[in-house]
Amino acid sequence: MALFEVRGLRKAFGRHEVLSGLDIDIFDGEVLTIIGQSGSGKSILLKAMMGLIEVDAGSIRFDGDDVAGQTEQEWNKTRRRIGMLFQESALFDSFTVFENVAYALREQTTMTEDEIAKRVSETLALVALPGIESMSPSDLSGGMRKRVALARAVAVRPEVVFYDEPAEGLDPINVTRVNRLLLGLQERLHVTSVVVTHNLKAAFAISDRLALIDDGVVAATGAPEAILESDDPVVREFIGERMRKVLRAS
Ligand SMILES: Nc1ncnc2c1ncn2[C@@H]1O[C@H](COP(=O)(O)OP(=O)(O)OP(=O)(O)O)[C@@H](O)[C@H]1O
Ligand SMILES: [Mg+2]
């Protein structure tokens, strides 16, 4: 059974239908990367799976429970099991790094101050930023901010982590660093990772499976090699001949 089973998901904004009956399965322990053009609904799908937006139709099963119609209170419980690195990666600038990473621990757990301090320090070490608790987010580089946001997302030790453009706006060295980190967390925390990215090289390098969203539905899913060699015209056009050569060579 899939950890997430999404069926017939629909979401429109006014007359603009973004998701038009989307189906997707996400399996326990995998790295699944969602690709698709800008505006295709990737962020909306993640937000729907976290109950942050209301959908018009369809079902979302998470670990066997139908969560789509849950109340806000029920969603709060479900969300504890999901960590999210938002595309905007907004840290609270008026808080220290410590307060940022401790935020969900305070909100969602009954951990003591000592336990929180220990967890924050362990989690900052996991993202390779040990000892920066007292710094202010505004004094960090873009790459460091992403990693602190990641630490904040995984501090509660979620079962699933959603990454919306984890490497957006980063230089190539930091892109590699964030990707390695993602795989390191995958291994050390035994999570399921759902990644959204425009970086096809990264997507092909880190994923067990890829899903391409086109025209409001999942147009194709498969292992990176299968997607790369797919005859499906939608897949071929999205990847493009030049990128296909680059990916084959890497
Ligand atoms: N609150 C909203 N009100 C109206 N339209 C919205 C809203 N949120 C998203 N949309 C529209 O839904 C569509 C899908 O948005 P979404 O953010 O999911 O795209 P995306 O695939 O994540 O794109 P990108 O790759 O650029 O991040 C877009 O056309 C967007 O304008
Ligand atoms: Mg997006």
For this session: Kindly list the number of the only condition in (1) within 16 Å of ligand 2 (Cβ to nearest atom); (2) closer than 28 Å to L181 by Cα; (3) not hydroxyl-bearing (S, T, Y) that fails for G51.
Result: (1)
Seminar exercise, completed: Those residues of the range 103-122 which are in a helix (DSSP H, G or I) and touching a Lys or Arg at 6+ places or on another chain (Cβ under 8 Å) amount to Y103, A104, L105, Q108, I116
Exercise. For the range 33-76, what are the residues that are within 12 Å of ligand 1 (Cβ to nearest atom), more than 22 Å from S193 (Cβ to Cβ) and at pLDDT below 95?
Worked result: E54
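For every residue, the table says whether it meets (1) more than 18 Å from the chain's Cα centre (by Cα); (2) within 18 Å of R177 (Cβ to Cβ); (3) in contact (Cβ under 8 Å) with a residue 24 or more places away in the chain.
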residue: T78; (1), (2), (3): no, no, yes
residue: R81; (1), (2), (3): no, no, yes
residue: F86; (1), (2), (3): no, no, yes
residue: V97; (1), (2), (3): yes, yes, yes
residue: A104; (1), (2), (3): no, no, yes
residue: K118; (1), (2), (3): yes, no, no
residue: E122; (1), (2), (3): yes, no, no
residue: V127; (1), (2), (3): no, yes, yes
residue: G143; (1), (2), (3): no, yes, yes
For this session: Filter the range 87-97 down to the residues that are among the hydrophobic types (A, V, I, L, M, F, W, C) and surrounded by 18 or more Cβ atoms within 10 Å (Cβ to Cβ), then identify the one that is modelled with the highest pLDDT.
Result: V97
Problem set entry | Number of the exception - K42 against (1) closer than 19 Å to G216 by Cβ; (2) surrounded by fewer than 16 Cβ atoms within 10 Å (Cβ to Cβ); (3) not hydroxyl-bearing (S, T, Y) | (2)
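The values are calculated or read from the model by the stated rules, or taken from the named source; none is laboratory data. Since we're looking at a predicted model, the values are computed, not measured. Backbone-built Cβ (ideal geometry, glycine too); neighbour counts: all protein chains shown.
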